[in-house]
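Working notes, beginning with the structure itself.
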Amino acid sequence: MRIAYRKNALVIREYQLDIGTVQVYKDYMVSIFDEGATLTLERAYQIIGISEIHFRDKDFGYISLRRNSYAVDPTIYNYLRGMENLKAFAIVSKKEIDMHNFKIEKLFYKKNMEFFIEFENAVTWVKKRLKSSNRKKNKKQSS
């Protein structure tokens, strides 16, 4: 299953989980969860583990491509907030209900999180956030 539409985007690794698919790219991850799935803290640990394999010493972004309806345990965001190298969190959906859910999820996450209708816009935003984060990091190191 191909998620990205970018010509230069190369999937480094794809993971088939019991609740859906996670694809890892150079500097971000994309998830598509199955219809009716429930993203529990235990399942979130799988995704956090994948991020640690690929982005242990590197800033990255996460894109939740919400093609299907599924439930998210909001306590997950308490753990995600603690991930220092997760610099951008994007949700992509064309469904109005997902926009409403996003507003609630954002209250729990409290970091860089945006909602997009188009996948390409989400990727562009994630890359911009990572570039900005790297500039700040380089500025600190040079001072």
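Filtering segment 98-110 for residues that are surrounded by fewer than 16 Cβ atoms within 10 Å (Cβ to Cβ) and either among the acidic types (Asp, Glu) or modelled with pLDDT of 95 or more (or both) leaves an empty set.
Restricting the search to segment 12-60, which residues are charged (D, E, K, R) and under 24 Å from Glu118 (Cα atoms)? Even if it seems obvious, please write down each step before you answer.
First, pick out the residues of segment 12-60 that are charged (D, E, K, R): 13-14, 18, 26-27, 34-35, 42-43, 52, 56-59.
Correct list: Arg13, Glu14, Lys26, Asp27, Asp34, Glu35, Asp59.
Considering the conditions (1) of a type outside the set (D, E, K, R); (2) crowded, with 16+ Cβ neighbours inside 10 Å; (3) under 25 Å from Ser133 (Cα atoms), Ile53 is excluded by exactly one of them, (2). As a summary of the residue check, Asn138 satisfies the conditions (1) in contact with a helix residue (DSSP H, G or I) (Cβ under 8 Å, 6 or more places away or on another chain); (2) more than 20 Å from Leu41 (Cβ to Cβ); (3) modelled with pLDDT under 90 except for the one numbered (1). Within segment 28-46, being modelled with pLDDT under 95, under 19 Å from Ala90 (Cβ atoms) and of a type outside the set (Gly, Ala, Ser) holds for one residue alone: Leu39. Filtering segment 49-72 to residues that are out of contact with any helix residue (DSSP H, G or I) (no Cβ under 9 Å at 6 or more places or on another chain), within 22 Å of Ala37 (Cβ to Cβ) and basic (Lys, Arg) leaves only Arg67.
Among the residues of segment 53-88, write down those that are of a type in the set (Gly, Ala, Ser) and touching a residue at least 60 places away in the same chain (Cβ under 8 Å). Hits for segment 53-88 are Gly61, Ala88.
The values are calculated or read from the model by the stated rules, or taken from the named source; none is laboratory data. This one's a predicted model, so the numbers in the text were calculated from it and none came from an experiment. Every residue, glycine among them, receives a Cβ derived from its backbone with ideal geometry; neighbour counts consider all protein chains shown.
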